[in-house]
Amino acid sequence: MSVQPIIKHLNKLIELHDSLLHLSEHKTELLKANKMEELQKLLVTEQKHVQAINQIEQRRIDAVADWAVTHQLEPAAVNVTAIIEHYTTGADQGQLQEVTLQLAERLVALRRQEELNKQLTKQSLQFVQLTLDMIQPSLKNLNYGQSNQTKPSAPRRSMFDSKA
């Protein structure tokens, strides 16, 4: 069995991650423009992409396990890196290495973009909290008049100090 099924699944993962990266960049623009309704729709689409990625990833894992069984290796001990380093040569090795590198680059770019989105969301929440704090009255302002005025009060006595 060749590594072509694994390469096919890795190429599909690259396509899906490219699409997810595009959605993430669009999400950044929606966050900047404060378009919450469109953002909600985008999040649903993004969730569908993540589900598709998980399905293809499972197929890739199964393809690696099938390859390991075919080559009489322990499936749990074999991964794509091990296949590249120890079990392939020539064109298959180069192609598998290239596809793996491309996928890693997409993952790094996606992680960077999502970190930016996280920071934008955090800043938006901080702005909303600041706005709410400014709008809501504080407890100090609930009383009328000056808060520094104190009424003269009778000297405080405890029950034990009073005369019988």
key: Pick from the range 32-47, criterion assigned to a helix (DSSP H, G or I) and charged (D, E, K, R), ranking: surrounded by the most Cβ atoms within 10 Å (Cβ to Cβ)   = GLU46
task = Could you grab me the full set of residues in the range 1-18 that are surrounded by fewer than 16 Cβ atoms within 10 Å (Cβ to Cβ) and either of a type in the set (Val, Ile, Thr) or more than 30 Å from HIS71 (Cα to Cα) (or both)?
result = ASP18
request  = Only residues that are of a type in the set (D, E, K, R) and either free of Cβ contacts under 8 Å to residues at least 60 places away in the same chain or part of a loop (DSSP other than H, G, I, E, B) (or both): list them for the range 59-93, please.
outcome  = ARG59, ARG60, ASP62, GLU74, GLU85
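Let's see how each residue does on (1) hydrophobic (A, V, I, L, M, F, W, C); (2) within 24 Å of the chain's Cα centre (by Cα):
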position: VAL64; (1), (2): yes, no
position: PRO75; (1), (2): no, no
position: ASN79; (1), (2): no, no
position: THR89; (1), (2): no, no
position: GLU105; (1), (2): no, yes
position: ALA109; (1), (2): yes, yes
position: GLN113; (1), (2): no, yes
query = Mind checking which pairs have a first residue in the range 44-58 that is under 17 Å from ARG106 (Cβ atoms) and a second that is assigned to a helix (DSSP H, G or I) and hydroxyl-bearing (Ser, Thr, Tyr), Cβ under 7 Å, 6 or more apart or different chains?
reply = HIS49/SER19
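Yes/no matrix, rows are residues, columns are (1) at pLDDT 95 or above; (2) over 23 Å from the mean Cα position of the chain (by Cα); (3) not aromatic (Phe, Trp, Tyr):
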{"position": "SER2", "(1), (2), (3)": "no, yes, yes"}
{"position": "PRO5", "(1), (2), (3)": "no, yes, yes"}
{"position": "LYS8", "(1), (2), (3)": "yes, yes, yes"}
{"position": "ASP18", "(1), (2), (3)": "yes, no, yes"}
{"position": "LYS35", "(1), (2), (3)": "no, no, yes"}
{"position": "TRP67", "(1), (2), (3)": "no, yes, no"}
key: Filter result for the condition that a residue is under 28 Å from SER24 (Cβ atoms), under 26 Å from the mean Cα position of the chain (by Cα) and either among the aromatic types (Phe, Trp, Tyr) or surrounded by 14 or more Cβ atoms within 10 Å (Cβ to Cβ) (or both), over VAL99, VAL128, VAL50   = VAL99
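The values are calculated or read from the model by the stated rules, or taken from the named source; none is laboratory data. Here the structure is a predicted model, which means the values were calculated and not measured. Backbone-built Cβ (ideal geometry, glycine too); neighbour counts: all protein chains shown.
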